[in-house]
């Protein structure tokens with residue numbers, strides 16, 4: 001009887017600690033992806049262009065279609081590969097004519113980008129719809145013009161038919177409409193994880209080592225910048241307590257105020273290399289460098305390993321995305337231009 005009572009008290013104490021940790025995490029501003037589809041849709045939907053199954057499917061085709069680029073070779077998926085972390089795994093993005101990003105900028109993940117307050121490393125666009133227009137037109141990326149994109153899409157009867165089905169028979173296919181449709185698909189690229197299950201009430205969703213890592217993450221102050229649903233995605237000062245040791249690689253210094261977008265920590269185990277210029281390949285090294293330059297903390301190997309264990313709990317459940325079959329080009333479809 002005495003042993004049974006002790007076990008009961010021990011279990012109750014463990015549950016209380018788990019509950020307090022989840023409460024502390026929420027108080028620090030970290031939020032879960034809702035388990036309710038209805039609640040999730042409220043967060044990811046765009047009232048000006050509501051998500052529908054037809055728009056999602058059309059947006060997916062456009063996302064994977066390399067003919068939107070000048071060369072006919074590069075698609076959105078080239079730099080934001082949905083088969084892995086939603087990025088390209090390169091230090092600097094490679095685009096048109098095998099050009100490396102002139103500022104030596106790393107491709108951010110597209111997964112969970114709908115939760116970011118700011119898009120691009122300098123945060124110049126707040127929404128996915130605006131962001132989707134940028135890489136298509138950027139010379140070192142897809143290097144296309146709005147006219148090329150419209151001419152490409154409207155040259156294919158199947159695309160025209162799908163736009164009318166998705167938006168109505170009187171739809172005008174514009175460059176902005178194409179970008180909006182791609183963004184509609186991107187809004188659905190949400191990856192809930194065991195961390196979300198834990199915050200949503202399942203105390204057993206995370207392992208003990210992941211919970212311990214979450215405590216270390218909180219104790220070190222990482223949640224100061226990595227918060228919200230994305231655990232990142234907002235603008236923050238960079239080089240607060242030290243200078244990033246690879247700051248001289250590329251010329252990026254942030255926005256006009258020196259602010260840089262905080263990378264999401266979701267699926268961070270799959271998005272190496274790290275930092276805006278992709279100079280650190282080890283996640284534990286990235287954790288220690290962030291501690292030094294952002295928190296003034298000397299994070300030990302043990303603490304970095306502990307935090308990494310927590311970050312594994314942010315590996316999300318990705319949807320089963322089937323490669324779309326794209327419409328055939330026609331005699332009026334712009335030909336690839338590699339120059």
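The values are calculated or read from the model by the stated rules, or taken from the named source; none is laboratory data. Model, not experiment: these values are computed from the prediction. Cβ placement follows ideal geometry from the backbone for every residue including glycine, while neighbour counts extend to all protein chains displayed.
If we keep just the residues of the stretch 260-275 that are crowded, with 16+ Cβ neighbours inside 10 Å and farther than 20 Å from residue 101 by Cα, which is farthest from the chain's Cα centre (by Cα)? Ranking the candidates gives 270 first.
Kindly check whether there is at least one residue in the stretch 200-215 that is buried (at least 22 other Cβ atoms within 10 Å of the Cβ), closer than 27 Å to residue 41 by Cα and free of Cβ contacts under 8 Å to residues at least 60 places away in the same chain. There is no residue in the stretch 200-215 that is buried (at least 22 other Cβ atoms within 10 Å of the Cβ), closer than 27 Å to residue 41 by Cα and free of Cβ contacts under 8 Å to residues at least 60 places away in the same chain.
Against the conditions (1) in contact with a helix residue (DSSP H, G or I) (Cβ under 8 Å, 6 or more places away or on another chain); (2) part of a loop (DSSP other than H, G, I, E, B); (3) surrounded by fewer than 21 Cβ atoms within 10 Å (Cβ to Cβ); (4) modelled with pLDDT of 95 or more, residue 110 satisfies every one except (3).
Can you give me the ranges of the helices (runs of 4 or more DSSP H) entirely in the stretch 152-271 with at least 2 residues that are assigned by TED's automatic domain parsing to the domain that holds residue 44? Can you show your working first?
On the way: elements: 157-167, 175-186, 194-199, 208-219.
Hits in the stretch 152-271: 157-167, 175-186.
Being more than 17 Å from residue 264 (Cβ to Cβ) and surrounded by fewer than 22 Cβ atoms within 10 Å (Cβ to Cβ) is not true of residue 91. Scanning the stretch 272-284 for residues that are within 29 Å of residue 196 (Cβ to Cβ), outside any helix (DSSP H, G or I) and in contact (Cβ under 8 Å) with a residue 12 or more places away in the chain returns 272, 273, 274, 275, 276, 278, 280.
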